[in-house]
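All remarks here apply to the structure that follows.
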Amino acid sequence: MTDTVVLRRGGRREQPPPRGSRELLTGLLITARPKQWVKNVLVIAAPAAAGRLVTRHALTELALVFALFTAASAAVYLLNDARDAEADRAHPVKRHRPVAAGQVPAPVACATGAALAVLAPLTAAWLSTPQVAVLLIAYLGMHLAYCLSLKHVLVVDLVVVTTGFLMRAVSGGLALGIPLSRWFLITSGFGALFMVAAKRYSEAVQMGGRAGATRALLTEYSTGYLRFVWQLAAGVAVLGYCLWAFEEGGAGGAGGAPHAGGLPWRQLSVVAFVLAVLRYAVFADRGTAGEPEDVVLRDPALALIGAVWAGMYAAAVADW
């Protein structure tokens, strides 16, 4: 156990060096937050909405965009942890992060993050489209600014995290040249804000107004304000989806009227969408929506509602 504890020489605190390349690579992987990669599945949102998800070209392009956003988000986490290593060592939970614990030297994390931040947009410009490359540059710039200062600015922190989700949602459309409708942007943007605000609300409720929150800015938000934000965002997301679903005209099965004898799947999907929002709101109201991916993946009822909605939406796209 002596090789894992903090050593003291001359009264100075030092971190033990990594024990090998395997441990270093493991530490880099942990710092890249693999659990958060599930968020990048949002790159399929626009192609799925347009019914352009089943071709080989689309799947290949979307796999590339998923990998590029994974690299970009990993770069942000690595650079953030390298910058905050000293502060994280004083935190009861964050001190176990690989960089703070000395498993990954801060310069190595910084160099790896910088390399990924450069390679992601360059690869997008080479293998995808210029629009995706520009989007990745904007994503990286915005989130690095968030790590440096914006995470300490009220409301702006919510906007930045929400915009990150929205960028993922539109990236697939940009990669495949799919026009993005105003209803898609409204529903995706406010749906993301709903989940982000619910996460912050849950963190604030669990913190109970105590000092030393994992996010210092939480002490400046009131739970009443965060509740107002996620309720407002949920309402706008539902309204945007309803307006889209009942809008007349449009192209393709998802945008037009059903064939004679067919069911109005697009309009019927509103029921499943609203039920999904209401189900997620149960966890938000309880203050247990701190990790959106856990709520979505671990609640059987929400998973079932999501599957029903996806089936209805697929039927609408296929014009059944």
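Observations on the model:
- Only one residue of 139, 58, 105 has its Cα farthest out toward the positive end of the dipole of the stretch 25-159, where Lys and Arg carry +1 and Asp and Glu -1 on Cβ, and that residue is 58.
- Distant alpha-carbon pairs in the chain (separation over 31 angstrom), percent: 39 percent
- Packing, as the average of other Cβ atoms within 10 Å across residues, places the peptides 113-120, 54-61 in the order 113-120, 54-61, highest first.
- The packing ranking, built from the mean of other Cβ atoms within 10 Å per residue, places the peptides 93-103, 192-202, 218-228 in the order 192-202, 93-103, 218-228, highest first.
- Under Stokes-Einstein, with the Kirkwood radius over Cα pairs as Rh, the value for the stretch 82-175 at 10 °C and 1.306 mPa s is 107 µm²/s.
- Between the stretch 271-320 and the stretch 76-118, the alpha-carbon center distance in angstrom: 34 Å
- Between residue 38 and residue 228, the simple spin-label model (points 7 angstrom out along Cα→Cβ) gives 3.2 nm.
- For the chain, the residue among 172, 24, 308 whose Cα projects farthest onto the positive side of the dipole built from Cβ charges is 24.
- Applying 1/(1 + (r/R0)^6) with r as the Cβ-Cβ distance of residue 114 and residue 185 and R0 = 35 angstrom yields a FRET efficiency of 0.65.
- Full-stretch length increase - residue 86, residue 23 - with 0.36 nm per residue and alpha-carbon distance subtracted: 20.6 nm
- For q = 0.10, 0.14, 0.16 Å⁻¹, Debye-computed log10 I/I(0) when each Cα of the stretch 17-177 counts as one equal scatterer: -0.39, -0.73, -0.91
- At R0 = 25 Å, FRET efficiency that the Cβ-Cβ distance of residue 246 and residue 299 yields, to 0.05: 0.30
Each reported figure results from applying straightforward, stated rules to the coordinates on display, with no laboratory input. Since this is a predicted model, take the numbers as computed values, not measurements. Positions of Cβ are backbone-derived with ideal geometry, glycine not excepted, and every protein chain shown enters the neighbour counts.
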